[in-house]
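The values are calculated or read from the model by the stated rules, or taken from the named source; none is laboratory data. Note that the structure is predicted; figures quoted are calculated from it, not measured. Here the Cβ positions follow ideal geometry from the backbone for every residue, glycine too, while neighbour counts run over all protein chains shown. Accessible surface areas use protein heavy atoms only, side chains included; no ligands, DNA or RNA. Shrake-Rupley method; radii C 1.70, N 1.55, O 1.52, S 1.80 Å.
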Amino acid sequence: MYLLFLDTETSGLDPVSGQIIEVAGVLADFNPVDFSVKIIDQFQSLVQNRSNLDPKITRLTGITEEELVVSQSMGKVQQQWLDWLEKYEDKTVAVIGHSVAFDMKFLNAEGWYVPKDAKEIDTLALSKILLSNYSALNLEYLIEKLSLLDFLKQSLTDFDETQKAHRALYDTQCCLSLFNILLDKLKLYNFSTEFYTKLKDTVLPLDITFFPGKKGLNKFEERSAKNTKINFIGEVISGDLQSRFNYNISKDVSKMTQNLQSYFAIINKENAVVILSMYAACFIKDKDVLVRINTYTAIEKAVFELLTDSSNFSDSDHKAEIVSLDKRFEEIIWRIEPFANYELNFTKLTAWLQLLISIEDEKSSIVKQSNKILSATEFLLYSTQAFLYMGEYKYKPLQMNPEEKIVVSKFTSWMKEVVAFLEIANPKDYDGVAKSILLKVTKFFSDYIADGMSPNQFCTFRVYQNLAKILRPKHFDVKENFSKLSDKYKEVNIYTYLAEDDFAHLLKLLGNVELPNNIKVEYRGKEGFVDDNSSNLNELIAEKSKLAKTNQKPVLLLLGQNKTLRQIQNICVEDLKDNEYLVLGESGSLTKVASKLVRNFVGVVAVKVGDFGYLQHINNLPEFTEIWIVNLPYIKLDNYWFKMWPGKAGRVAGELRILYTQSWSRLIHSVTGKQVRFSG
């Protein structure tokens with residue numbers, strides 16, 4: 001069977017505003033018995049651009065405006081691509097790429113030929129499952145980490161090592177090499193038959209056979225998992241769920257895999273990566289490794305919450321008279337919204353109901369009612385579209401314009417379907433995964449009703465990107481919450497990266513909170529930031545670029561505001577060479593910036609202040625010459641603060657920004673040993 005590896009370089013992120021400017025393909029003969037991959041043909045061509053090329057694309061790929069002007073038109077290249085591929089169509093079973101959906105989006109929109117009936121395989125998805133112990137998964141990082149060029153040197157007599165990353169043929173060849181290594185890992189780990197079956201059903205749709213044996217499982221069961229820590233990246237996962245997962249993986253890995261495997265029944269293309277990667281993470285044998293599970297989408301988040309539900313794990317031993325909160329206390333400054341509001345998350349609800357529908361009989365009453373709720377949800381959210389401002393709609397049933405009455409009507413209809421669902425849904429009548437889902441959904445609805453949310457109450461609809469939720473303010477008092485913790489546990493340990501005086505000031509801002517005697521505070525970090533406003537941004541960039549070269553170590557700039565980030569992007573592009581800076585956005589995503597940073601980069605690195613939370617966990621974080629925070633961060637205040645400080649919220653916001661910056665400064669110092677400098 002033949003596999004088509006491909007990659008495109010484009011002039012933008014969307015085929016509406018951009019186009020393919022380079023295309024490459026590598027055709028390989030794949031042996032389904034020994035999994036060997038042999039390159040048999042290649043294709044590469046630049047494509048004439050219809051408009052001016054963004055200089056950023058040139059900096060990223062090396063493709064210039066002059067090269068594209070003399071290149072062939074898209075129609076001619078498409079014909080050559082068709083002539084090249086058509087003769088292999090009958091044998092080509094799959095199209096493979098790293099983030100292949102991006103390439104296919106452009107190829108399909110522009111009418112490029114793709115072999116009929118060929119399946120799509122994404123090496124990024126496979127990497128998330130099998131390489132979760134790697135700091136980054138972008139191709140440029142994996143090329144070096146996995147020595148992908150070695151395979152290509154052996155397979156291609158004319159392989160050009162001087163090719164640049166982000167050129168189509170080079171990336172395509174490296175993708176093939178990555179695929180070869182991923183297949184080797186699949187053979188090495190000896191996962192269960194069910195794992196391989198689900199992998200082939202979703203992420204690796206090839207007609208191949210794996211032969212799992214007891215040898216691999218025995219090795220896995222004997223190993224100690226105490227040094228393996230799981231970190232969840234993407235959408236925020238609560239500390240309680242993280243700790244439960246980590247606790248169970250360290251206590252009984254064999255039981256953990258059995259629990260996870262019971263959820264293979266709900267695997268589909270949207271949730272396969274998170275379930276299979278959590279299962280595969282249990283097999284990682286590296287010591288002191290930080291495993292990363294991707295939880296970017298709402299469906300992945302919802303599935304993860306199901307997988308870590310307390311009913312699936314025996315965590316009675318995990319409860320103790322002494323409890324330690326696993327996040328620094330001052331995170332309440334920017335995470336207070338979940339505590340100060342009742343929340344109804346439509347996105348999570350939809351994901352759970354869709355999973356339930358996928359495993360139950362379509363004629364059952366529970367599936368029919370689930371579909372009714374999904375329809376009612378869609379109509380309700382659609383009815384709010386005309387009234388959204390910056391993704392929010394203030395729903396005020398007693399102060400509505402006539403045209404808003406449609407929302408009340410749809411909200412009322414939705415509520416009726418919820419009540420009908422609760423009347424027929426009894427988790428005790430189900431078992432396995434269906435029972436777990438129903439426990440979640442019925443609790444979700446019951447909490448919604450108990451919280452007093454209804455079409456007659458004020459609330460806020462928040463709808464943006466792929467997230468939809470309702471928020472309604474609730475009574476929240478930090479004193480009461482501390483009192484409850486104090487009553488529940490013999491001892492409660494919290495920690496902070498604020499100095500003692502700053503921590504006391506934060507408690508004052510929260511309402512003159514006094515901690516009970518059994519709540520102990522650990523003060524971490526020794527040094528806050530030092531004011532240094534000696535330079536404007538242009539001078540700062542020039543000075544720190546020179547300093548990095550002199551010391552042969554990078555300088556880290558942590559930016560408080562998006563405006564500052566854009567200014568630094570422009571300065572670096574105009575005043576520095578491409579290899580002298582890494583700037584979030586300009587140099588790629590945070591993971592791409594991090595993957596370049598750990599490869600002996602020397603220059604200026606600029607990301608957001610909060611991004612250090614990600615950087616501190618990457619393997620081989622380099623030593624920095626200096627670390628700066630540039631500008632105080634912007635903090636959007638929740639209604640809680642406005643109620644706490646009526647008429648004074650502006651002043652309080654300024655004080656919270658300083659506390660936020662001091663906390664990050666002391667945390668950064670504790671991780672890096674470098675005192676943070678501040679420039680406002």
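In the chain, the DSSP beta bridges split such that about 45 percent are antiparallel, to the nearest 5. Listed values for the range 502-518 are Karplus-derived 3J(HN,Hα) couplings in whole Hz (6.51 cos²θ - 1.76 cosθ + 1.60, θ = phi - 60°), namely 5, 5, 4, 5, 5, 4, 5, 5, 7, x, 6, 6, 10, 7, x, 5, 8, and x replaces Gly and Pro. Solvent-accessible area assigned to carbon and sulfur over the range 491-550 amounts to 42 percent, based on a 1.4 Å probe. Of 595, 365, the residue with the largest accessible area leads and the full order is 365, 595 (1.4 Å probe). Between the entries (i) 266; (ii) 173; (iii) 190, the label attached to volume of the Cα convex hull per residue in Å³ calculated for this structure is (iii).
Ordered from highest to lowest accessible area with the whole protein assembly present and a 1.4 Å probe, 475, 669, 505 read as 475, 505, 669. Apolar share of the accessible surface for the range 584-637: 47 percent from carbon plus sulfur atoms, 1.4 Å probe. Between residue 563 and residue 110, the FRET efficiency from the beta-carbon distance, with R0 = 51 Å, is close to 0.90. Taking θ as phi - 60° and the Karplus parameters 6.51, -1.76 and 1.60, the scalar couplings of the range 64-80 work out to 9, 4, 5, 5, 6, 4, 8, 7, 6, 5, 4, x, 5, 5, 4, 5, 5 Hz in sequence order, x denoting glycine and proline. Full extension of the chain between residue 39 and residue 651 yields a length gain of 213.8 nm, computed as 0.36 nm times the residue separation minus the alpha carbon distance.
Within the assembled protein chains, the solvent-accessible surface assigned to residue 184 is about 80 Å², based on a 1.4 Å probe. A 1.4 Å probe, protein heavy atoms only, puts the accessible area of residue 423 near 140 Å².
Here r is the Cβ-Cβ distance between residue 56 and residue 490 and R0 is 56 Å; the resulting FRET efficiency, rounded to 0.05, is 0.45. If you average the alpha carbon positions of the range 265-279 and of the range 615-657, how far apart do those two centres end up, in angstrom? Using only Cα atoms to place each centre, the spacing works out to 35 Å. Calculated mean residue ellipticity at 222 nm for the chain: -14000 deg cm²/dmol, from DSSP H runs with n ≥ 4 weighted as -39500 (n - 2.57), summed, divided by the residue count and rounded to 500. Model label points for residue 576 and residue 435, set 7 angstrom from Cα along the Cα-to-Cβ axis, are 5.7 nm apart. Checked against a 22 Å cut-off, the cross-linked pairs 327/484; 416/469; 56/592; 563/643; 484/648; 484/508 give Cα-Cα distances beyond that limit for 563/643; 484/648.
Using the Cα gyration tensor of the range 23-62, with a ≥ b ≥ c the square roots of its eigenvalues, what is the shape: rounded (a/c below 1.5), prolate (a/b larger than b/c) or oblate (neither)? Note, shape of the range 23-62 comes out prolate.
Measuring between their Cα centroids, the range 23-71 and the range 433-506 lie 50 Å from each other.
What is the range 33-153 by shape, rounded, prolate or oblate, if you read a ≥ b ≥ c off the alpha carbon gyration tensor as root eigenvalues and call it rounded for a/c under 1.5, prolate for a/b larger than b/c, and oblate otherwise? Oblate is the answer for the range 33-153, as a/c is 1.5 or above yet b/c matches or exceeds a/b. Couplings 3J(HN,Hα) for the range 561-570, derived from phi with the Karplus relation 6.51 cos²θ - 1.76 cosθ + 1.60 (θ = phi - 60°), are 9, 4, 4, 5, 4, 5, 4, 5, 4, 5 Hz, where x marks Gly and Pro. For residue 2, the accessible area of its heavy atoms, probed at 1.4 Å with every protein chain present, is near 40 square angstrom. Of 38/76; 269/348; 105/200; 119/363, which pairs sit farther than 20 Å apart, going by alpha carbon to alpha carbon? From the list (38/76; 269/348; 105/200; 119/363), the Cα-Cα distance tops 20 Å for 38/76; 105/200; 119/363. The magnitude of the dipole of the chain, with charges of +1 and -1 set on the Cβ of Lys/Arg and Asp/Glu and taken from the Cα centre, is near 1640 debye.
With the Cα gyration tensor of the range 541-680 giving a ≥ b ≥ c as the square roots of its eigenvalues, does the rule (a/c under 1.5 for rounded; else a/b larger than b/c for prolate; else oblate) give rounded, prolate or oblate? Prolate, because a/c is 1.5 or more and a/b exceeds b/c. The residues of the chain have, on average, 46 Å² of accessible surface per residue, using a 1.4 Å probe with all protein chains present.
One decimal place: the segment residue 406-residue 675 gains 91.2 nm when fully extended, by the rule 0.36 nm per residue minus the C-alpha distance. Extension gain, residue 258-residue 364: 0.36 nm per intervening residue step, less the Cα-Cα distance, totals 35.3 nm.
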